[in-house]
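Below: the structure, in structure tokens.
The values are calculated or read from the model by the stated rules, or taken from the named source; none is laboratory data. Just so it is clear, the structure is predicted and the values come from calculations on it, not from any experiment. Every residue, glycine as well, gets a Cβ built from its backbone with ideal geometry; the counts of neighbours run over all protein chains shown.
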Amino acid sequence: MHRSDPARLRLAVIGAGLGSAPHFQSLEDLASEVEVAWVYGRSAERLADLRTPTAVRKTTRLEDIFEDASVKAVLVLTPPNSHLDIVQRAARAGKHVLVEKPLEIDLNRANALVEACEAAGVTLAIMLQHRMRQAALGLTALLNTGELGQLVSAAAAIRWWRPQSYYDEPGRGTLARDGGGVLITQAIHTLDLMLSFTGLPERVTGLAMTSPVHRMEGEDTAAALLHYAGGAVAVVQATTAAYPGFPERIELNFTGGTATLEAGELQAVFMNGKTVTLGTRQASGSGANPMGFDHAAHRTLLQDFIRAVQSGTAAAVTGRSALGVQQVIEAIMESSKTGRTVALHPAALIPVS
């Protein structure tokens, strides 16, 4: 039996595709807190090309990971449509789980994933790392003081670019594998972050389409109007057809001032003359290179997951909180399909924080 260092969390990485790079970089940075025991990949060829520390074991059998009692947690970095099965198996094996966004390809499967972890009593966190940026954390703290007053309106703009070659990859932008296009794959980060500030809306009106720029099954362009219980409204614009790609932006207007987040920078301006600035400008993969961003927020979220597992407390970005953004995305797509405003049933409104 492997003798693990009790001071470090022993975990396995499931999935070694394009999106795994910032996770591996973060794990390397946190080597004093975490020990990678296994890496799983679907093909031996891909695993052979993967550079890992010599002590890390590579496997194409998930059973190797789930049967290893020394492994306490797993990082699930596989395509979205595989998350439910893998997480259910991990939960049954008593492994804590950090899963790459989105939770799953639709809300029903996402709910089942969350419920599986809750039933097994294991920690579940999701990689919605924009919540962990310095500016986002600072704005959350600022909103908690109530100084800005009541929300009046909000806007989220995600004007990104992806070349056709991106969508030519098998499964990319399909309903069966990814659950859709720009909303669930790219805009989910900024939309989730906005919802963490505004809460969930009561009703959603949306339009989604595939522009002439891309050949793909899912949508590459979407717009939505979110209606809130207190009378506030929010607008959302999302696309991967805006060449060459622009920084994402969130605008929040309150009775006492405004707050703007753009590319990791916060500027809050109060009617009484006070101003607050936080953060540094960061790339987020908005252009042709989807991995063109710093992994610092990934590292912060992973470190929080390690803390949550070791302490037995909730993660900063729980699986249940991530259901909120999937509800809104599903409502936008339903509204676009039916031409009607979609009400989020009160019983289904799951708090984001």
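Quick look at the values:
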| item | result |
| --- | --- |
| Residues of the stretch 159-202 classified as assigned to a loop (DSSP other than H, G, I, E, B) and over 16 Å from the mean Cα position of the chain (by Cα), total | 17 |
| Qualifying residue in the stretch 29-41 (condition: within 20 Å of the chain's Cα centre (by Cα) and not charged (D, E, K, R)) | no |
| Filter result (crowded, with 16+ Cβ neighbours inside 10 Å and either polar (S, T, N, Q) or outside any strand (DSSP E or B) (or both)) within the stretch 269-290 | Q282, S284, G285, S286, G287, P290 |
| Residue that is surrounded by 17 or more Cβ atoms within 10 Å (Cβ to Cβ), touching a helix residue (DSSP H, G or I) at 6+ places or on another chain (Cβ under 7 Å) and closer than 20 Å to D304 by Cβ, where the choices are A156, A136 | A136 |
| Qualifying residue in the stretch 39-61 (condition: in contact with a strand residue (DSSP E or B) (Cβ under 7 Å, 6 or more places away or on another chain), closer than 18 Å to T123 by Cβ and aliphatic (A, V, I, L, M)) | no |
| Subset of the stretch 94-133 that is more than 17 Å from the chain's Cα centre (by Cα) and part of a helix (DSSP H, G or I) - its residue that is surrounded by the most Cβ atoms within 10 Å (Cβ to Cβ) | C117 |
| Subset of the stretch 319-348 [under 20 Å from the mean Cα position of the chain (by Cα) and under 18 Å from E219 (Cβ atoms)] | V325, Q326, Q327, V328, I329, E330, A331, I332, M333 |
| The stretch 125-167, residues that are of a type outside the set (A, V, I, L, M, F, W, C) and without any contact (Cβ under 8 Å) to a residue 40 or more places away in the chain | N144, T145, G146, S165 |
| Subset tally (residues that are surrounded by fewer than 24 Cβ atoms within 10 Å (Cβ to Cβ) and either acidic (D, E) or not assigned by TED's automatic domain parsing to the domain that holds G285 (or both)) for the stretch 181-196 | 0 |
| Conditions (1) over 20 Å from L226 (Cβ atoms); (2) touching a His at 6+ places or on another chain (Cβ under 7 Å): number failed by G171 | (2) |
| Any chance T52 is of a type in the set (V, I, T) and either under 25 Å from R320 (Cα atoms) or at pLDDT 95 or above (or both) | no |
| Qualifying residues in the stretch 144-153 (those that are part of a loop (DSSP other than H, G, I, E, B) and of a type in the set (G, A, S)) - the one surrounded by the fewest Cβ atoms within 10 Å (Cβ to Cβ) | G146 |
| Any hit, the stretch 248-270, residues being basic (K, R), within 24 Å of P22 (Cα to Cα), in contact with a Ser or Thr (Cβ under 9 Å, 6 or more places away or on another chain) and not assigned by TED's automatic domain parsing to the domain that holds R203 | no |
